[in-house]
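Let me begin by presenting the structure, written as structure tokens, before commenting on it.
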2 protein chains.
Amino acid sequence: MKKNKQQLIEEDLKYIWHPFTQMKRYEGDEKPIIIKKGKGIYIEDIDGNKYIDAVSSWWVNTLGHSNKRLNKALYKQAKTIEHVIFAGFTHEPAIKLAKSLIEMCNNDLKHVFFSDNGSTAVEVALKMAYQYWAQSGHPEKKKFVALKNSYHGDTIGAVSVGGVDLYHKVYKPLLFDIIQAPSPYCYRCPFGCEKETCQLACLKAVEDIFEKEHQNIAGIIIEPLVQAAGGMIMYKKEYMTELRKLCDKYNVLFIDDEVAMGFYRTGKLFAYEHANIVPDIICVAKGITAGYMPLSATLTTDKIYNAFYDVDEDGLKTFYHGHSYTGNPLAISIACENLKILKEMNIEEYLKPKIQKFSKELEKFKKHKNVGDVRQCGMICAIELVKNKATKEPFSYSDEIGKKIYKEGLKLGAILRPMHNCMYFLTPYIITEKEIEKLLNIAWKALNKVLPNE
Amino acid sequence: MKKNKQQLIEEDLKYIWHPFTQMKRYEGDEKPIIIKKGKGIYIEDIDGNKYIDAVSSWWVNTLGHSNKRLNKALYKQAKTIEHVIFAGFTHEPAIKLAKSLIEMCNNDLKHVFFSDNGSTAVEVALKMAYQYWAQSGHPEKKKFVALKNSYHGDTIGAVSVGGVDLYHKVYKPLLFDIIQAPSPYCYRCPFGCEKETCQLACLKAVEDIFEKEHQNIAGIIIEPLVQAAGGMIMYKKEYMTELRKLCDKYNVLFIDDEVAMGFYRTGKLFAYEHANIVPDIICVAKGITAGYMPLSATLTTDKIYNAFYDVDEDGLKTFYHGHSYTGNPLAISIACENLKILKEMNIEEYLKPKIQKFSKELEKFKKHKNVGDVRQCGMICAIELVKNKATKEPFSYSDEIGKKIYKEGLKLGAILRPMHNCMYFLTPYIITEKEIEKLLNIAWKALNKVLPNE
């Protein structure tokens, strides 16, 4: 017997604790929306309402929902083998994927360690960096540097290098100590600089830290070009170029968390390419399966790999990390088909007109009285809303501006899930120029409904 | 063009860093085995060799490889919707799964928080327990108690509560402090007791800790009945029954990590049922998808849930944890079909003769001169090998006993991946009694090849 909507909502609220959700807010008119199916850029609810998935379902979807080729690749793999232990055993799809990743990044990185999600990819990176120094004659290099406003995941190691107080403050006593460097937040520069004329004062702060403490620093972890969950904060690629030089100078590992930016979100395979550098470790996840299921990987260099490549008597040089589903054939078969499709699409060229279209459609937002900053990096656009354009005074948490716009967006057929006081667009790549226009019109209407531009 | 085996192995070694693996050991005759397909309890390599998957591919597989019904359920879900953001949105399979889980455990637990793997399920449990006290008027309850020889995963939070030195020692400075209680390791009782006559001296040690420090203790985390990765250490259910009483007496949360034991591995849905207790939080993963793909959940009570159910002004009471693929419809659709199949099989009854058969076949091992202990808990059997049966002197790491038997097992057609000095059998549930006989004959031969029972 099919359940009706009311019954389903009641059962959802009774049994499920949703992520990043104050469940009490689901009372009243904020009930969870029951999604029935998805196709392309749209998801459809139980009542037949369609929504443009403008957040790519938490930044994962790239080729649209329920892609026929990916569905078939998944089923084919299931009929062959769904999973096999990945220690002592391997399989052809995993070899193919690892090889493709290394070749696609031009051999910048050399070795692929698979895990399950962005958080675990970061945990692997941190543990690898830490252990690397421990068995390379520098056990004193134990500390990590991370940036204010950064977000790297929700497991304790990932939270330790996070810099968003709302998410992390309560767990402080469980976290390991890090050294926090300022956020390269150009719109609200902590050093009072302007983007156009800045000399990377924020990076100078990193250099000061390195200069003082490099003997004890294992690595620095950053989100490349965009501090996403911190509020879609975007910064100059030169920051990364210069940071690489500092890491070389002070013997600090450069850990690049490409979980949200990887797989062409910024217009290039990995965001670090914009800066013409090579990190020591990168973390990838989300888009690697085009939005289908969890899979992640941590890629690193020969230098790091070789420090673990040693049969010592007590086995202590081994990297003892793994998850049951490491190297899962189902996820990997989707990733392989995804990379094949992206290649066939000539994805970098394919995205260019879409990036331009977003850019063009964003123009009108700049004139809105509550729009403080309009930012774009490839296929990510963000609009920071402010109470006062002149003073940049932000809205407070209790103003619930983002939430109000989100609710208007739903009525108009788009998921405009806010990031603090930012509206943002991070859509599947297959969105057409016409659909970009449609989406930004919805956003404009929703914005003006909540904050009339009188 | 199809690649040949040699080429695939070379590429595997060049590009892939395998979990829990000293990559240098893959030199020589220990090359990874390339698995081509799987069916039932068997996996088959590229040369057509078949192996009984006696470790259920890291303890995940329950219904055999490439199960037709699960494959179809997966494909059907992919054609409907492969994934959707799980904040603000929900879907019928997730509601169905959460409801089933709660009903199957007789409403012992009430709320389901989904995540991706065992490590994250544990991290969620720890963060939940910690934050619970912080917002229930006891912010001083910050510490966790965990057991020697325990294993709860590889992310920093999970490693912090781990007690296997080989895996965790190197990361010590990154871990949060815990209070370690002794392992309830009956064969090597740290208090010199014998299983038959013991009065749970190991639990008295926990009481001493609680008595002294309960004001500062948030929770205790245990693996129920079996400390699996610590060496398939098995202990009495009374330990759990009495521990529940201590937790009540001293106001300490009981966190039960059912990742490896859940979903009938011990003969019951969850291992805590054997002890007639209800934990405050349980973590489940592995078998929830019958071995198909990563999915986990943390289940808890009304008491804990309600401490987060509050719209405070600054949003700080919310549980800020989530992964992009939380509530993934693909994984959840498999889990739903899995539970349906288990129910149709009348799984508890179905397993009984198999458990007995294992028990019977294990008998002969007891007489082997290097078998120190033979243990069984439902569908898990373990054989602890010793250098000297009288003194219980263990083999050393460099004896590589487990590895030698593993290699013999492969030749004979079974995956006997060791756990330290333990041989163990943890097979898919669909293994027949005849196949159990076959498997244990292989194990017997492999054991006697390496350690002749002269």
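Residues in region A:76-109 that are assigned to a helix (DSSP H, G or I) and either out of contact with any helix residue (DSSP H, G or I) (no Cβ under 6 Å at 6 or more places or on another chain) or within 16 Å of residue B:291 (Cα to Cα) (or both): 9 in all. When residues in region B:169-211 are screened for being within 14 Å of another protein chain (Cβ to nearest Cβ) and in contact with a Gly (Cβ under 8 Å, 6 or more places away or on another chain), 2 of them pass. For region B:112-166, the set of residues classified as in a loop (DSSP other than H, G, I, E, B), facing chain A (nearest Cβ under 9 Å) and over 16 Å from the mean Cα position of the chain (by Cα) consists of B:135, B:142, listed by residue number. Of all the residues in region A:277-318, those that are closer than 20 Å to residue B:57 by Cβ and either of a type in the set (Asp, Glu) or facing chain B (nearest Cβ under 7 Å) (or both) number 2.
Has region B:40-49 got at least one residue that is farther than 20 Å from residue B:328 by Cα and facing another protein chain (nearest Cβ under 7 Å)? Scanning region B:40-49, I find at least one residue that is farther than 20 Å from residue B:328 by Cα and facing another protein chain (nearest Cβ under 7 Å), so the answer is yes.
Whether any residue in region B:240-256 is assigned by TED's automatic domain parsing to the domain that holds residue B:136, closer than 23 Å to residue B:357 by Cβ and in contact (Cβ under 8 Å) with a residue 60 or more places away in the chain is what I want to check.
no
Summed over region A:34-60, the residues that are assigned to a loop (DSSP other than H, G, I, E, B), closer than 22 Å to residue B:95 by Cβ and of a type outside the set (Val, Ile, Thr) give a count of 4. Counting only residues that are charged (D, E, K, R) and part of a loop (DSSP other than H, G, I, E, B), which one in region B:9-33 is surrounded by the most Cβ atoms within 10 Å (Cβ to Cβ)? The qualifying residue surrounded by the most Cβ atoms within 10 Å (Cβ to Cβ) is B:31.
Scanning region B:98-111 for residues that are more than 7 Å from chain A (Cβ to nearest Cβ) and touching a strand residue (DSSP E or B) at 6+ places or on another chain (Cβ under 8 Å) yields B:101, B:105, B:109, B:110. Number of residues in region B:282-309 that are surrounded by fewer than 22 Cβ atoms within 10 Å (Cβ to Cβ), of a type outside the set (Val, Ile, Thr) and touching a residue at least 12 places away in the same chain (Cβ under 8 Å): the value is 5. Counting the residues of region A:4-29 that are farther than 26 Å from residue A:153 by Cα and more than 7 Å from chain B (Cβ to nearest Cβ) gives 10. You will find that of A:235, A:250, A:239, the residue that is among the aromatic types (Phe, Trp, Tyr) and more than 29 Å from residue A:385 (Cβ to Cβ) is A:250 and no other.
Considering only region A:421-428, I want to know if a residue exists there that is at pLDDT below 95, buried (at least 18 other Cβ atoms within 10 Å of the Cβ) and within 14 Å of chain B (Cβ to nearest Cβ).
yes
Within this structure, residue A:100 fails the test of being of a type in the set (S, T, N, Q) and touching a Ser or Thr at 6+ places or on another chain (Cβ under 8 Å).
Within region B:69-95, the set of residues being farther than 14 Å from residue A:13 by Cα, of a type in the set (A, V, I, L, M) and at the interface with chain A (Cβ under 7 Å from one of its Cβ atoms) comprises B:74, B:78, B:81, B:84, B:85.
Only one of the numbered conditions (1) without any contact (Cβ under 8 Å) to a residue 60 or more places away in the chain; (2) basic (Lys, Arg); (3) under 30 Å from residue B:13 (Cα atoms) is violated by residue A:14, and that is (3). Of all residues in region A:229-274, exactly one satisfies the criterion of being crowded, with 22+ Cβ neighbours inside 10 Å, acidic (Asp, Glu) and more than 11 Å from the chain's Cα centre (by Cα), namely A:256. Checking region A:219-228 against the condition returns a match, with at least one residue being out of contact with any helix residue (DSSP H, G or I) (no Cβ under 9 Å at 6 or more places or on another chain), at pLDDT 95 or above and closer than 16 Å to residue A:161 by Cα. Please verify whether region B:209-226 includes one or more residues that are closer than 24 Å to residue B:392 by Cβ and touching an Asp or Glu at 6+ places or on another chain (Cβ under 6 Å). Within region B:209-226 (the criterion being closer than 24 Å to residue B:392 by Cβ and touching an Asp or Glu at 6+ places or on another chain (Cβ under 6 Å)), the answer is yes, since at least one residue qualifies. Of all residues in region A:257-277, those that are in the same structural domain as residue A:296 (by TED's automatic domain parsing) and at negative phi have Cβ atoms under 7 Å from Cβ atoms of residues that are assigned to a loop (DSSP other than H, G, I, E, B) and polar (S, T, N, Q), 6 or more apart or on another chain, in A:274/A:266. Say we look at region B:319-337 and pick out the residues that are within 7 Å of chain A (Cβ to nearest Cβ) and part of a loop (DSSP other than H, G, I, E, B); which of these is farthest from residue B:264 (Cα to Cα)? By that ranking, first place goes to B:320.
Determine whether residue B:86 is under 19 Å from residue A:117 (Cβ atoms), within 22 Å of the chain's Cα centre (by Cα), crowded, with 21+ Cβ neighbours inside 10 Å and in the same structural domain as residue B:253 (by TED's automatic domain parsing).
Against the criterion (under 19 Å from residue A:117 (Cβ atoms), within 22 Å of the chain's Cα centre (by Cα), crowded, with 21+ Cβ neighbours inside 10 Å and in the same structural domain as residue B:253 (by TED's automatic domain parsing)), residue B:86 does not qualify.
Taking every residue in region B:434-454 that is at pLDDT below 95 and pairing it with any residue that is assigned to a helix (DSSP H, G or I) and surrounded by fewer than 19 Cβ atoms within 10 Å (Cβ to Cβ), at least 6 positions away or on another chain, the pairs with Cβ-Cβ distances below 8 Å are B:453/B:367. The residue that is nearest to the other protein chains (Cβ to nearest Cβ), counting only those in region B:52-68 that are touching a helix residue (DSSP H, G or I) at 6+ places or on another chain (Cβ under 7 Å) and of a type in the set (Ser, Thr, Tyr), is B:66.
For every residue, the table says whether it meets (1) surrounded by 20 or more Cβ atoms within 10 Å (Cβ to Cβ); (2) over 30 Å from residue A:101 (Cα atoms); (3) of a type outside the set (A, V, I, L, M).
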position	(1), (2), (3)
A:319	yes, no, yes
A:323	yes, no, yes
A:330	yes, no, no
A:354	yes, no, yes
A:396	no, yes, yes
A:408	no, yes, yes
A:415	yes, yes, no
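Just one of (1) within 16 Å of residue A:55 (Cα to Cα); (2) crowded, with 20+ Cβ neighbours inside 10 Å; (3) touching a helix residue (DSSP H, G or I) at 6+ places or on another chain (Cβ under 6 Å) fails for residue A:371. It is (1). Taking residues in region B:162-177 that are of a type in the set (D, E, K, R), and partners anywhere that are modelled with pLDDT under 90, the pairs with Cβ atoms closer than 8 Å and at least 6 places apart or on different chains are B:169/A:316. On the stretch given as region A:220-239, residues that are in a strand (DSSP E or B) and within 15 Å of residue A:255 (Cβ to Cβ) total 4. Figure legend. Inter-residue proximity from region B:415-426: first residues under 13 Å from residue B:365 (Cβ atoms), second residues aromatic (Phe, Trp, Tyr) and in a strand (DSSP E or B), beta-carbon distance below 9 Å, spacing 6+ or different chains. Indicated pairs: B:416/B:424; B:416/B:425.
The values are calculated or read from the model by the stated rules, or taken from the named source; none is laboratory data. What you see is a predicted model; the values in this text were computed from it and never measured. Note that each Cβ is placed from the backbone with ideal geometry, even for glycine, and that neighbours are counted across all protein chains shown.
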